[in-house]
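What follows is a single structure, written as structure tokens, with notes after it.
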Amino acid sequence: MAWIKFLLSLLLVKNCTPQRWWQSPEDGPTCKNGTCGETDTTCECSLTIEHRLTMMTTNPPSLVRPNNGRLYLYNDTSFSFPLSDERMSKVLTADGYGSRLVIALNGKFPGPTIEAYEDQTMIIHVRNLMHTDSTTIHWHGMHQKGTPGSDGVAFISQTPILPGQTFTYRFSAQPHGSSFYHAHIGDQRSMGLYGGLIIYPRYKFFSQPQVGFTVLLQDWNHDDEPETLYQRMINGVYDLSKFTLIEPTQSIDGANFSRFHIHSALINGKGRFYTGRLNNIFAHNGAPLETFEVEYGKSYRFRVISASTLYPFRVYVQGHRDLNIRASDGFEIARGTGINISDLIVESFIIHPGERYDFTLNANQNGGTYLLVAESIEDLSKKSPPEYHAAEAIIRYKGTSSSTYPNKDSSVQSHCTSSTPCVTFNCPYLYYPTNNYRPCLTFDKANSNESLSKFKEIQNADETLFFNFAFPGEPRYTPGSVNGHQFISPTSPILTNEKDLTTNCRNSDCGEDKICNCTYSVELSSNRVYQFVLTNLGNGRGWSHPIHLHGHYFYVMKMGFGSYNQASGKFLTSTTDIECIGSRNYCNSARWANITWKNAGNSIPGLRLDYPPEKDTIIIPTGGYVIIRFKANNPGAWFFHCHIDLHNTNGMGMVLLESKDKWPDYISSKGDSTRNGTFHIIVLFSILGLVFSV
């Protein structure tokens with residue numbers, strides 16, 4: 001009896017402290033800006049997921065339509081009575097075209113940006129109020145060290161959250177920087193299930209300012225929900241008015257995009273649909289845009305986060321030539337090291353799905369309004385009728401009338417000349433056409449600017465592994481795969497129920513000249529330094545892939561490209577640095593073409609050993625490769641995949657089973673993310689029942 005009373009007293013003192021855990025999500029604040037204070041040790045809030053329609057008011061519901069940056073009721077045909085700012089703020093506009101189903105979080109699309117501080121304990125309660133859909137939330141950029149069960153990947157780290165259920169994620173806010181959260185089941189991210197996650201650093205000497213504007217990018221389709229988009233990628237998209245197959249668009253180098261057609265793009269859930277061209281000027285529907293107010297003479301940090309389904313965007317600011325790139329995927333970067341270090345100043349940069357870029361902007365122009373523009377890097381020059389796909393937001397200087405609604409500057413390219421070229425950072429290719437005067441600066445030309453960088457830990461690799469992310473196969477059967485393995489999701493979480501796995505990869509089904517369907521995984525040993533060579537080669541190349549590693553950041557040691565026509569920018573042939581093994585050119589297995597590189601270690605030409613930049617998502621150019629390194633110091637089952645939703649759903653992913661011998665300790669003591677206030681109440685009543693029964 002005495003020991004029961006002792007346990008009961010411990011439970012009451014340690015676990016029932018006010019605000020340590022809520023008894024239900026409704027008892028505390030919803031997630032939003034300002035939820036977490038800098039001195040708080042715990043950041044706890046709730047996200048509620050449900051479906052909503054765009055371009056609809058609430059209480060009472062009514063369809064609205066846009067004009068010149070305002071919204072009007074559908075039957076106000078003369079646009080005489082604009083909605084008030086308060087009513088407009090409650091409408092989910094997207095690009096103002098029609099009314100489409102989206103997924104909202106706490107009533108917002110996209111979800112609210114959560115701001116926290118490095119090393120805080122994050123406790124996020126997620127309620128699924130969708131009627132028929134299950135979901136999970138991945139905290140993209142959080143390493144989940146010690147909490148692999150909170151990584152939020154369906155059937156890798158957890159079972160999905162069923163309709164009506166609540167799931168609690170608990171993890172440490174690490175590392176600092178710009179991150180985001182998003183759905184990690186099917187293609188729900190494309191319906192809006194995402195939001196910003198900003199972790200402010202404790203160390204006060206990072207590039208300033210830290211507080212600024214969050215810019216969430218998304219490509220947007222008017223017609224189709226995620227499952228339909230996926231089926232159209234597989235089966236094709238047709239123009240029913242002409243009974244023709246619509247071919248995928250391409251980037252400037254000739255690399256393909258998928259058949260997921262976009263009509264426009266959004267910043268923080270807002271955009272405008274460009275309907276055509278008149279007198280060489282593109283016309284749009286006048287939907288309202290996100291607005292960022294700046295004051296002359298001050299510097300501002302913009303945190304650009306790509307939640308895109310598929311498309312990369314080139315980001316620039318109208319009227320402001322110089323963007324100072326401060327960080328990528330949360331980690332500070334610059335050019336050069338030591339006494340040769342300098343700011344990374346560019347005219348624009350390209351951001352791919354899953355990436356994040358911070359830049360600072362000096363508000364040094366005349367007062368007025370300017371556009372922050374994220375243009376799709378599709379080559380639309382042959383489209384008939386002409387199309388223009390871009391996300392836009394307004395940068396308004398303080399004191400400028402809010403009625404000023406800026407338009408795209410059709411002469412934006414005119415400032416790029418042979419004497420004043422426009423440097424573009426993070427290109428997935430080497431060149432733009434010569435007459436664009438737009439030199440490319442690839443990501444591996446940057447250096448880490450992290451004062452606490454641990455790059456010396458990875459200066460010598462223990463093991464090298466090759467992974468080919470591609471669409472190999474024969475015509476009509478080219479599945480997304482890694483080394484020829486089309487990923488099949490387990491039916492129960494591999495982290496906690498690996499013994500139940502029935503879809504293991506078998507040597508008899510997989511190989512150099514075979515494509516197999518299975519749950520592809522590779523085991524990593526604890527504390528070894530791994531060098532991954534990520535390739536995009538063989539007959540399955542032709543698309544660039546942004547690859548995201550869960551549970552880690554990695555160091556970008558080198559990017560290798562194929563050959564290009566420097567005048568036109570077009571891709572010609574794949575890199576000759578790597579040899580594909582096999583007779584079908586699937587490139588499921590590969591090796592260095594120069595056999596001396598196998599044991600060359602750090603003497604591989606072009607390897608960046610001094611302050612290589614850190615990252616967790618990197619683009620693999622078509623016909624090229626990327627060398628990354630990281631230390632296996634985080635036990636767990638970590639998903640490793642293409643961050644293009646449709647490619648990932650099609651099987652372009654795998655699992656890294658890291659330090660399996662340490663899983664029991666992490667899963668039982670640190671990785672239990674399903675506990676909440678109800679858990680403690682149940683335990684309390686269980687003990688009370690035992691006391692009374694005794």
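Loop-located trypsin sites (Lys or Arg not before Pro) in region 405-510 (DSSP state not H, G, I, E or B) with no more than 14 neighbouring Cβ atoms inside 10 Å: Lys454, Arg476, Arg506.
Pop out the carbon and sulfur fraction of the accessible area of region 426-544 as a percent, whole number, probe 1.4 Å.
Numbers: 2410 of 5330 Å².
On region 426-544, the fraction of accessible area on carbon and sulfur atoms equals 45 percent.
With a/c under 1.5 counting as rounded, go ahead and sort region 472-625 into rounded, prolate or oblate using the C-alpha gyration tensor (a ≥ b ≥ c being the square roots of the eigenvalues; past the cut-off, prolate if a/b is larger than b/c, else oblate). It is oblate, given that a/c is not under 1.5 and a/b is not larger than b/c.
In region 47-116, what percent of the accessible surface is made up of carbon and sulfur (1.4 Å probe, ligands and nucleic acids excluded)? After summing per-atom areas, the C and S share lands at 52 percent.
On average, how much accessible surface per residue is there in the chain, in Å², for a 1.4 Å probe, leaving out ligands, DNA and RNA?
Roughly 41 Å² per residue, with all protein chains present.
Dipole check for region 329-420: with +1 at the C-beta of Lys and Arg, -1 at the C-beta of Asp and Glu, and the Cα centre as origin, the magnitude is about 320 Debye. Each of [x] 0.96; [y] 1.13; [z] 1.63 is a candidate for Cα Rg over 2.2 N^0.38 Å; the one calculated from this structure is [x]. The 3J(HN,Hα) values that the Karplus relation (6.51, -1.76, 1.60; θ = phi - 60°) gives for region 556-567 are, in residue order, 8, 8, 6, 10, x, 10, x, 9, 9, 7, 5, 6 Hz. Gly and Pro appear as x.
For an R0 of 30 angstrom, estimate the FRET efficiency from the Cβ-Cβ distance between Thr121 and Ser451 and round to the nearest 0.05.
0.75
Subtracting the Cα-Cα distance of Glu512 and Ser489 from 0.36 nm times their residue separation leaves 6.1 nm of extension gain.
The magnitude of the dipole of the chain, with charges of +1 and -1 set on the Cβ of Lys/Arg and Asp/Glu and taken from the Cα centre, is near 400 debye. Evaluated with a Cβ-only charge set (Lys, Arg +1; Asp, Glu -1), region 177-331 carries a dipole of roughly 600 debye about its Cα centre, given to the nearest 20.
Between the listed residues Ser525, Ser492, Asn536, the Cα displaced farthest toward the positive end of the dipole of region 476-543, a dipole computed from Cβ unit charges relative to the Cα centre, is found at Asn536. The helix-only estimate of mean residue ellipticity at 222 nm for the chain, built from DSSP H runs of length n ≥ 4 each weighted as -39500 (n - 2.57), is -2500 deg cm²/dmol after division by the residue total. With the charge dipole of the chain set up from +1 on Lys and Arg Cβ and -1 on Asp and Glu Cβ about the Cα centre, the Cα lying farthest toward the positive end among the listed residues Ser306, His552, Ile198 is that of Ile198.
Here the relative contact order of region 243-389, from alpha carbon pairs under 8 Å that lie six or more residues apart, stands at 29 percent. Applied to region 359-373, the Karplus parametrisation 6.51 cos²θ - 1.76 cosθ + 1.60 on θ = phi - 60° returns per-residue 3J(HN,Hα) values of 9, 10, 10, 8, 7, 10, 9, 4, x, x, 10, 9, 9, 8, 10 Hz, with x for Gly and Pro.
With a ≥ b ≥ c the root eigenvalues of the C-alpha gyration tensor of region 164-221, is it rounded (a/c under 1.5), prolate (a/b larger than b/c) or oblate? It comes out oblate by the Cα gyration axes. Remark: spin-label model distance Leu380-His415 equals 2.2 nm, labels positioned 7 Å along the Cα→Cβ axis.
Spin-label model, Glu579/Leu73: points 7 Å from Cα along the beta carbon direction are separated by 7.5 nm.
Long hydrophobic helices in the chain, taken as whole DSSP H segments with a C-alpha length of 15 Å or more on their own axis and mean Kyte-Doolittle hydropathy at least -1.0: 2-14, 677-693.
Considering only alpha-carbon pairs that sit under 8 angstrom and 6 or more positions apart, the relative contact order computed for region 131-234 is 25 percent.
As a fraction of the 1.4 Å probe accessible area of region 316-422, surface on carbon and sulfur atoms comes out at 45 percent.
Please sort by residue number the GluC sites (Glu not before Pro) in region 401-464 whose DSSP state is loop and whose Cβ has at most 15 other Cβ atoms within 10 Å.
Passing both the DSSP loop test and the Cβ count: no residue.
Putting +1 on Lys and Arg Cβ atoms and -1 on Asp and Glu Cβ atoms, find which of Phe561, Gly338, Asn468 reaches farthest to the positive end of the dipole of the chain. About the Cα centre, the residue reaching furthest to the positive side is Gly338. Straight-line reach from Lys298: taking Cα to Cα under 17 Å and skipping same-chain neighbours fewer than 8 places apart, the lysines in range are Lys398.
For region 342-483, what does the alpha-carbon gyration tensor say about shape, rounded, prolate or oblate, given a ≥ b ≥ c as the root eigenvalues, a/c under 1.5 as rounded, and a/b over b/c as prolate? Verdict is oblate for region 342-483. Here the Karplus curve 6.51 cos²θ - 1.76 cosθ + 1.60, taken at θ = phi - 60°, turns the phi angles of region 46-59 into couplings of 10, 10, 10, 9, 7, 8, 9, 10, 7, 6, 10, 7, 10, 6 Hz, with x standing for Gly and Pro. Of all DSSP bridge pairs formed entirely within the chain, close to 70 percent run antiparallel.
Once the C-beta distance of Arg52 and Arg321 is scaled by a Förster radius of 35 Å, the resulting FRET efficiency is 0.30 to the nearest 0.05.
Short-range pairs are left out: with C-alpha atoms under 8 Å and at least six residues apart, the relative contact order of the chain is 14 percent.
So if we plug the beta-carbon distance of Asn504 and Met88 into 1/(1 + (r/R0)^6) with R0 = 35 Å, what FRET efficiency do we get, rounded to 0.05?
0.05
So which trypsin sites (Lys or Arg not before Pro) in region 340-404 are both in a DSSP loop and have at most 15 other Cβ atoms within 10 Å of their Cβ? Sparse-neighbourhood loop trypsin sites (Lys or Arg not before Pro): Lys382, Lys383, Lys398.
The values are calculated or read from the model by the stated rules, or taken from the named source; none is laboratory data. This structure is a prediction, so every number in the text was calculated from the model and none was measured. Because the Cβ atoms are built from the backbone with ideal geometry, glycine has one as well, and the counts that use them run over all protein chains shown. Ligands, DNA and RNA are excluded from the accessible area calculation, which covers all protein heavy atoms including side chains. Shrake-Rupley method; radii C 1.70, N 1.55, O 1.52, S 1.80 Å.
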